[in-house]
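Peer 1: Before I ask anything, here is the structure I am working with.
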Amino acid sequence: SGLAVIAAAYGGYDVLTKQASTEVLQGVEKQDAQGAYQEYVVEAREAKWELKAGEKISAWTFNGSVPGSELRVQEGERVKVVLKNTLEQPVSIHWHGYPVPNAMDGIPGVTQNAVQPGASFTYEFTATVPGTYWYHSHQDSATQVDRGLYGALVVESKEQKVKYDREFTLLLDEWSTEMLGAEQEATGHSGHGGGTTSGMDHSGHSDTSAPALSHDEMMQQMYNIFTVNGKAGGEIEPLQVKKGEKIKLRLINAGFQTHQLNLTNQTFKITHLDGQPLQSSPDVSGALLAIAPGERYDVELTAGANFGILCANDSPAKADMAVHVEVDGNDSHEYAAPAVELSPLDITAYGKAASVNANVKYDLETTLLLNNKVVHKDGKSQEVYTINGNIHPDIPPLRVKKGQVVKVAMTNEGTSDHPMHLHGHFFQVLSKNGQPLQGTPLLKDTLNVKPGETYEVAFTADNDGNWMFHCHDLHHAAAGMMTTVEYD
Ligand code: C2O
Ligand code: CU
């Protein structure tokens, strides 16, 4: 029976441990009517997880760790991932950034039913687009991703042009022990646990003497532990490298806040954004990588003798997020705020050279105005996040036909960052604040639109179905900022 197959595969995998990185899940080769495929088994389950000394939480995990097992597949491979749910909550898996067929996109109520406690679901796709992606639950995702239901998905290129001596996958996240505690109490009474936006409600913090905090400020205060691969501060295993080695880092932001990383005393190159290769990328040093929620940066470097630390440099609270690098076994580096203020790299600088889009005729053009406002409902005031003045599900979908080339302008008229993520497609960034990006296409699936900014992007409607298009600050998505692209 199906269950026996699951049990056998589950018991049979080997985990290859990589240093200070996530554990790679070994697949099992199998056959079906269409030929050979690799099967991976991922179990959604509860696990005690120590974020740092003295901070043990009850996490929701894929295969018992945070992040969950890394899925590393080969370009061209047929992949089946069996999701077994042993949590008490319904779950799903969404393949963030990877253009799977619509039925495999993992959106409860849109592409599938949520996978109920005790049930399983098999995701199936052929890995044709190499790159760095990640996977996470898309059921009540503001809660479930926050509790740990995420992991890396890497599609290895058949013809890797560069050989690396070592490779590390690092997933960034922030945690609120206060919110986790509150949720634990809340799930005691309410069976469904979905749809609530815990911590969103201004009236919940009714200290009227304090100046009103914006929703984002409140969140910044709530999140108190910052992790790399599920661990904070001294619990993060150092990266072991040798001087002169060629290193690849896959940096993935699985959190809801932008994290700015500084690689101290080390020149590096960004080779891919959201898994897609950049055609020109200069050597940089002394600049921050501002990785927005949902985004991925692939970084390449040749380890120098003094490569010290990889750390978050935007807030002292995030000193937790410091990954020490031991070059030839030598770790003498202390976290210190940088002497000079570093600025984040502007990724739109990577779209360079000749113009690509001058002659493209768009079949469809639309504008999304992103904003936030406070609404009053049932005697409470609540911050909502709007697209063209509306909140989900009252935002009309963007209707497209297969083959159309669609241009979308996004303007942020509000006060928060909005890392906008489109499922099932890559889009090309055409312009920022009216300035065209020239040349080598900058392809993304997640783009952080900051207050006051306007971006134009374009995508080809080449993947039939109903696709989510939402802010990847998942609290914002839960509070309205979510729409769909639907094919006629
Ligand atoms: Cu990574 Cu709809 O999400
Ligand atoms: Cu947002």
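The values are calculated or read from the model by the stated rules, or taken from the named source; none is laboratory data. This one's a predicted model, so the numbers in the text were calculated from it and none came from an experiment. Using ideal geometry, Cβ is built from the backbone for each residue, glycine included, and neighbour counts are taken over all protein chains shown.
Peer 1: Determine which member of the set 361, 401, 377 is surrounded by fewer than 19 Cβ atoms within 10 Å (Cβ to Cβ), among the basic types (Lys, Arg) and at pLDDT 95 or above.
Peer 2: 401
Peer 1: Let me spell it out: the conditions are (1) assigned to a loop (DSSP other than H, G, I, E, B); (2) closer than 17 Å to residue 111 by Cβ; (3) in contact with a strand residue (DSSP E or B) (Cβ under 8 Å, 6 or more places away or on another chain); (4) within 16 Å of ligand 1 (Cβ to nearest atom), and residue 464 meets all of them except one. Which number is the exception?
Peer 2: (4)
Peer 1: One residue is enough: does the stretch 113-132 have a residue meeting the conditions within 14 Å of ligand 1 (Cβ to nearest atom) and either in a loop (DSSP other than H, G, I, E, B) or farther than 15 Å from residue 83 by Cβ (or both)?
Peer 2: Checked the stretch 113-132: at least one residue is within 14 Å of ligand 1 (Cβ to nearest atom) and either in a loop (DSSP other than H, G, I, E, B) or farther than 15 Å from residue 83 by Cβ (or both).
Yes or no, residue by residue, for (1) touching a strand residue (DSSP E or B) at 6+ places or on another chain (Cβ under 8 Å); (2) under 22 Å from residue 99 (Cα atoms); (3) more than 16 Å from ligand 2 (Cβ to nearest atom):
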{"site": "404", "(1), (2), (3)": "yes, yes, yes"}
{"site": "411", "(1), (2), (3)": "yes, no, no"}
{"site": "415", "(1), (2), (3)": "yes, no, no"}
{"site": "441", "(1), (2), (3)": "yes, yes, yes"}
{"site": "445", "(1), (2), (3)": "yes, yes, no"}
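Peer 1: Could you list, in sequence order, the residues of the stretch 133-167 that are within 16 Å of ligand 2 (Cβ to nearest atom), among the aliphatic types (A, V, I, L, M) and part of a loop (DSSP other than H, G, I, E, B)?
Peer 2: 145
Peer 1: Give the stretch 66-90 a look and list any residue that's over 17 Å from the mean Cα position of the chain (by Cα) and in a strand (DSSP E or B), or say none.
Peer 2: 73, 74, 78, 79, 80, 81, 82, 83, 84, 85
Peer 1: A follow-up question, please. Cβ-Cβ under 7 Å, sequence separation 6+ or interchain: first residue in the stretch 114-140 and closer than 16 Å to residue 250 by Cβ, partner more than 16 Å from ligand 2 (Cβ to nearest atom) and acidic (Asp, Glu). Which pairs?
Peer 2: Going by the 7 Å Cβ cut-off, the qualifying pairs are 127/75; 127/77; 130/75; 130/156; 132/298.
Peer 1: Within the stretch 63-93, restricting attention to residues that are at negative phi and of a type in the set (S, T, N, Q), which residue is surrounded by the most Cβ atoms within 10 Å (Cβ to Cβ)?
Peer 2: Restricting to residues being at negative phi and of a type in the set (S, T, N, Q), the top hit is 92.
Peer 1: Same structure, new question: Restricting the search to the stretch 418-459, which residues are within 16 Å of ligand 1 (Cβ to nearest atom), buried (at least 21 other Cβ atoms within 10 Å of the Cβ) and not hydrophobic (A, V, I, L, M, F, W, C)?
Peer 2: 418, 419, 421, 423, 424, 444, 445, 446, 448
Peer 1: Return a yes/no flag: does the stretch 473-481 have any residue that is part of a strand (DSSP E or B), within 16 Å of ligand 1 (Cβ to nearest atom) and modelled with pLDDT of 95 or more.
Peer 2: no
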